[in-house]
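Peer 1: After the structure tokens below, expect a handful of questions from me.
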Ligand SMILES: Cc1cc2nc3c(=O)[nH]c(=O)nc-3n(C[C@H](O)[C@H](O)[C@H](O)COP(=O)(O)OP(=O)(O)OC[C@H]3O[C@@H](n4cnc5c(N)ncnc54)[C@H](O)[C@@H]3O)c2cc1C
């Protein structure tokens, strides 16, 4: 006789007290701080479209694709089976799906018109909301997406080139074929600045550019060269007139493959769905962008935009980490009581929710400044001063935030099958690339030399709360030695001011009291929030189901 089949798939126990998967959620509708920040910064009319996007990206299928794209990392094929050079990178279909969907949603270019002008407000805010939601599901592919949209800024320096490239990017859709860009239905763009001997110090670049007719021939290398399957790259190289910016296509104008020789792909901590290569240029064809010697000034227009995206993506990582933590704690009981109702866990979650409120409000406020900078000098000053400060603060906050969220899930949080390890590994890169932390602080110091920027600091302090004026005085007189703490304070002040515009008064007050008026304790859970404020914060980050 066979024994009776057990009722449970296990012989020894039933499975209970585990949280259900966090999926099939509307990433927009479920996120009150995001919805309110979007509305406060001029994009309230887009709520329905953003909700549709949020539903699509929050499906179980998208989370599965996110896992697949990161488990099946890109592979470099230097040669074909017969020994001919190929220099191509193969990606998993899941990566291609993300590229397809992000480009279909316009994240690679929706802030530009086909003639290369900035799209009217609130284009930045709307795109940022999508970028923030996409980052919650899969962040690696956002590297080529952000570089593509940002690379169009410097191209304005070369109208003839821009006239060929910009419409193809703006109107294009994802086309991964390895073919010349003019034969494709869309194109993506990358960037190459960092060399072995210097990343921050790009003036130490040794790659040379020699004039050949209307174009240049580049010889040298790049030590970090992400998204190598892009159709063209903005790169820096030393021309006779000094460090200059170039557009280097994968195919020469005669249709032959350009002289980019990939050495290998980096084995990275996170960001694993995205390929980051090492490359040599062995006489690569390139067009100059901007004047010879103006390379840094030219490419900085691109970097300003990618820095903004680093901050938005890090805020997105934070939101997903916290949503996972809150969701888990609502469904997991310890000592006969949901973790969510344990006073200390609640204090931790609510304190994190308050931090995230500041990050989201600030990121969206900064996007409004980008939307309006061309018409409004004070918004241009805001973007100049706050972009490095916001990148610094949000991107530096995200790794520790993701770790704290991971711990809320206990041992499950540390296990690969759950999303938290990926979010945690993903977080540091946004602080490192596009200008690392110290470099951002130096940038703020440079911006603070401007009178308009110094006045802005005082205005932010007034708007945040009368008690924060002292902070404004300190910030305006920052030096390199104390720059980190003062830039952090600047970001907190700006976040408090942004919250005054987009969040309920109690949230802004709590932020000022626990972060601006006095330094916050080093770890989450020390904010001493009123019970009603904590309740409200937790419902705002994720309503109870
Ligand atoms: C996954 C990944 C992908 C990347 N993709 C690309 C890419 O596609 N294209 C590209 O061009 N680059 C790329 N990078 C490179 C990245 O932008 C650089 O690593 C970064 O700019 C730092 O440069 P570095 O590594 O040479 O470090 P360094 O310049 O040596 O800096 C080291 C540290 O010193 C600090 N520092 C620098 N100057 C000062 C100062 N004056 N005072 C105090 N501290 C200072 C920096 O903040 C940093 O923390 C990528 C990096 C990573 C990790």
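Peer 1: Can you check how the C-alpha radius of gyration of region 265-343 compares to 2.2 N^0.38 Å, as a plain ratio?
Peer 2: In units of the globular-protein estimate, region 265-343 measures up at 1.95.
Peer 1: Another question, if that's okay. Just how many % of Cα pairs in region 430-545 lie over 23 Å apart, if you round to the nearest whole percent?
Peer 2: Counting pairs separated by more than 23 Å, the tail of P(r) holds 37 percent.
Peer 1: Treat the count of other C-beta atoms within 10 Å as a stand-in for reagent exposure and order 244, 465, 314, 19 from fewest to most.
Peer 2: Result, fewest neighbours first: 19, 465, 244, 314.
Peer 1: Taking square-rooted eigenvalues a ≥ b ≥ c of the alpha carbon gyration tensor, is region 59-293 rounded, prolate or oblate, where a/c under 1.5 means rounded and, failing that, a/b exceeding b/c means prolate?
Peer 2: Oblate shape, in that a/c is at least 1.5 and b/c is the bigger or equal ratio.
Peer 1: To continue, here is another question. To check my understanding: the extent here is largest minus smallest coordinate of the Cα atoms along each principal axis. What are those three numbers for region 162-304, in Å, largest first?
Peer 2: 41, 36, 29
Peer 1: What relative contact order, as a whole-number percentage, does region 59-293 give when Cα pairs under 8 Å and 6 or more residues apart are counted?
Peer 2: About 20 percent, as a whole number.
Peer 1: Continuing with this model, one more query. Extension gain residue 532-residue 202, at 0.36 nm per residue separation less the Cα-Cα distance, in nm?
Peer 2: 113.7 nm
Peer 1: A further question on this structure: Testing the spin-label approximation: label points 7 Å from Cα along Cα→Cβ at residue 412 and residue 219. State their distance in nm.
Peer 2: Those two pseudo-labels are separated by 6.0 nm.
Peer 1: Calculate log10 I(q)/I(0) of the chain for q = 0.07, 0.09, 0.11 Å⁻¹, where I(q) comes from the Debye formula with a single equal point scatterer on each Cα and nothing for solvent.
Peer 2: The calculated log intensity ratios at q = 0.07, 0.09, 0.11 Å⁻¹ are -0.40, -0.66, -0.96.
Peer 1: Given a Förster distance of 22 angstrom, what is the FRET efficiency for residue 173 paired with residue 55, based on the Cβ-Cβ distance and rounded to 0.05?
Peer 2: 0.55
Peer 1: Quick one: order 287, 182 by neighbouring beta-carbon count within 10 Å, fewest to most.
Peer 2: 182, 287
Peer 1: Can you put 312, 219, 475 in order, fewest other beta carbons within 10 Å first?
Peer 2: Exposure proxy ranking, most exposed first: 219, 475, 312.
Peer 1: If you don't mind, there's one more thing I want to ask. First obtain the Kirkwood hydrodynamic radius of region 226-382 from its Cα pairs, then insert it into the Stokes-Einstein equation at 10 °C and 1.306 mPa s, and state the resulting D in µm² per second as a whole number.
Peer 2: My calculation gives 80 µm²/s for D.
Peer 1: Further question on the same structure: Using only the Cα atoms, work out Rg/Rh for region 297-541, with Rh taken as the Kirkwood radius, to two decimals.
Peer 2: Computed over Cα atoms, the ratio is 0.98.
Peer 1: In addition: Please report, largest first and rounded to whole Å, the three semi-axes of the ellipsoid equivalent to region 301-373, where each semi-axis is the square root of five times an eigenvalue of the C-alpha gyration tensor.
Peer 2: Three semi-axes, in Å: 34, 11, 7.
Peer 1: On to the next question. Which value at 222 nm does the chain reach when only helices count, each DSSP H run of 4 or more adding -39,500 (n - 2.57), with the total divided by all residues and rounded to the nearest 500 deg cm²/dmol?
Peer 2: The helix contribution divided over the chain gives -16000 deg cm²/dmol.
Peer 1: First check a/c for region 1-116, with a ≥ b ≥ c the square roots of the eigenvalues of its C-alpha gyration tensor; if it is under 1.5, answer rounded, and if not, answer prolate when a/b is larger than b/c or oblate otherwise.
Peer 2: Cα axes put region 1-116 in the oblate bin.
Peer 1: Measure out, as a whole number of angstrom, how far apart the alpha-carbon centroids of region 296-350 and region 222-281 sit.
Peer 2: Distance between centres, Cα-based: 33 Å.
Every read-out reported here was derived from the displayed coordinates using simple, explicitly stated rules and does not represent laboratory data. Fair warning: this is a prediction, and the values are worked out from it, not measured in the lab. Cβ atoms come from the backbone with ideal geometry, glycine included; neighbour counts cover every protein chain shown.
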